[in-house]
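Visitor: Below are the structure tokens for one structure; questions will follow.
The values are calculated or read from the model by the stated rules, or taken from the named source; none is laboratory data. Predicted, not measured: the structure shown is a model, and the values here were computed from it. FYI the Cβ positions are ideal-geometry reconstructions off the backbone, even for glycines, and counts take in every protein chain you see.
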Amino acid sequence: MISISPGVDLARGTVDVKLRVPDPPAELRTDMTLSVELEAGRRKGVLVLPLESVSDAASEPSVLAIRGRRAVRTPVTLGVRGPGVAEITRGLDEGDLVVRSPAKTKDGQRVRGVVPTRD
């Protein structure tokens, strides 16, 4: 990366970034506008859930874990968050089932779930 503009273009919702591209394709020209996805880091072997499975992610995160075919509110600790997912550092174990969309599910309700996966 060469530079990142300190300001945001609020009308377009963009930030100017200048990148150095090793072995650029022939169609890439100086001062072209394009969209890129920058990956700041990647961690292997972490427990990950869709953010939609986490209630109150900003204050007191919890999930509805499935215990004996019933939803049980379970506090969790979140780690790194990515696009639509969150790392679970405490509160669940690999293989635990959780309710994917808990908004319409009550604690103690009979449910089906999804298994958290390692990314």
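Visitor: Of all residues in the stretch 42-82, which are more than 18 Å from Glu94 (Cβ to Cβ), polar (S, T, N, Q) and modelled with pLDDT of 95 or more?
Guide: Ser62
Visitor: OK, next. Go through the stretch 17-53 and count every residue that is surrounded by 10 or more Cβ atoms within 10 Å (Cβ to Cβ), part of a loop (DSSP other than H, G, I, E, B) and under 24 Å from the mean Cα position of the chain (by Cα).
Guide: Residues that pass the stated criteria total 2.
Visitor: While we're looking at this one, here's another question. Restricting attention to the stretch 102-116, which residues are in contact with an Asp or Glu (Cβ under 9 Å, 6 or more places away or on another chain), surrounded by 11 or more Cβ atoms within 10 Å (Cβ to Cβ) and modelled with pLDDT of 85 or more?
Guide: The answer is Pro102, and nothing else.
Visitor: Look at the stretch 54-87 and say how many of its residues are assigned to a strand (DSSP E or B), within 22 Å of Gly108 (Cα to Cα) and hydrophobic (A, V, I, L, M, F, W, C). Write out each step before concluding.
Guide: Let us first name the residues in the stretch 54-87 that are assigned to a strand (DSSP E or B), namely 55, 62-67, 70-75, 77-82, 85-87.
The next check asks that each one be within 22 Å of Gly108 (Cα to Cα); those that pass are 55, 62-67, 70-75, 77.
This time we only want the ones that are hydrophobic (A, V, I, L, M, F, W, C), so: 63-66, 71-72.
So the answer is 6.
Visitor: For the stretch 54-63: of the residues being among the polar types (S, T, N, Q) and free of Cβ contacts under 8 Å to residues at least 40 places away in the same chain, which is surrounded by the fewest Cβ atoms within 10 Å (Cβ to Cβ)? Before the answer, list the steps.
Guide: If we filter the stretch 54-63 for residues that are among the polar types (S, T, N, Q), which is where we start, we get 55, 59, 62.
Right, trim to free of Cβ contacts under 8 Å to residues at least 40 places away in the same chain and you get 59, 62.
Numbers: Ser59: 6, Ser62: 17.
Ranking the candidates gives Ser59 first.
Visitor: Which condition number does Ile88 fail, the rest of (1) more than 16 Å from Thr117 (Cβ to Cβ); (2) buried (at least 20 other Cβ atoms within 10 Å of the Cβ) being met?
Guide: Evaluating Ile88 over (1) more than 16 Å from Thr117 (Cβ to Cβ); (2) buried (at least 20 other Cβ atoms within 10 Å of the Cβ) leaves (1) as the failure.
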